[in-house]
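J.: Next up is a structure, given as structure tokens.
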Amino acid sequence: MITLWWISIALELAVLARIVASRLLKHLPAFFGFILFNIASDLLLAPLWSNRYEYTVAWSIIEAFTVVAQILLALELYLAYDRLYKPDPSDKWFLIGCLVTSAVVGFIMLQFQPKADERITTILVLS
């Protein structure tokens, strides 16, 4: 488990390096920040793994920020794609359909969650 965790951090660092090397940082600052945030949150949560309460509290706070960051990231990626490739209007409707479908699936999943802390379940569904 810990090996996969270190591999994910190494891959995230590789993506950051690629963004910088490709000079895409000016086009994708939220994406760059999101990856940095993921690395920082992983490093913060790692020492808390053994204490269930502290881990749950820290994870809940981090995951709430992650949901907001994911929304900003999706918006940034869409706007960058729109600016660089001038998508067809049907592509925009497809993306809107995917967004709506994702929200519906998230709310359906809420109905099938095992009995867990209500706050954690809500964060997971939003995520």
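J.: Condition first: among the aromatic types (Phe, Trp, Tyr) and within 28 Å of residue 17 (Cα to Cα). Now tell me which residues in the stretch 50-89 satisfy that.
T.: Let us first name the residues in the stretch 50-89 that are among the aromatic types (Phe, Trp, Tyr), namely 53, 55, 59, 65, 78, 81, 85.
59, 65, 78, 81, 85, listed by residue number.
J.: Within the stretch 11-54, restricting attention to residues that are open to solvent by less than 80 Å² (accessible area, probe 1.4 Å) and part of a loop (DSSP other than H, G, I, E, B), which residue is nearest to residue 72 (Cα to Cα)?
T.: 28
J.: Any idea how many residues of the stretch 56-80 are open to solvent by less than 60 Å² (accessible area, probe 1.4 Å) and over 12 Å from the mean Cα position of the chain (by Cα)?
T.: Going through the stretch 56-80 one residue at a time, the tally reaches 7.
The values are calculated or read from the model by the stated rules, or taken from the named source; none is laboratory data. Computed from a predicted structure; not experimentally measured. In case anyone asks, the SASA skips ligands and DNA or RNA and just uses the protein heavy atoms, side chains included. Shrake-Rupley method; radii C 1.70, N 1.55, O 1.52, S 1.80 Å.
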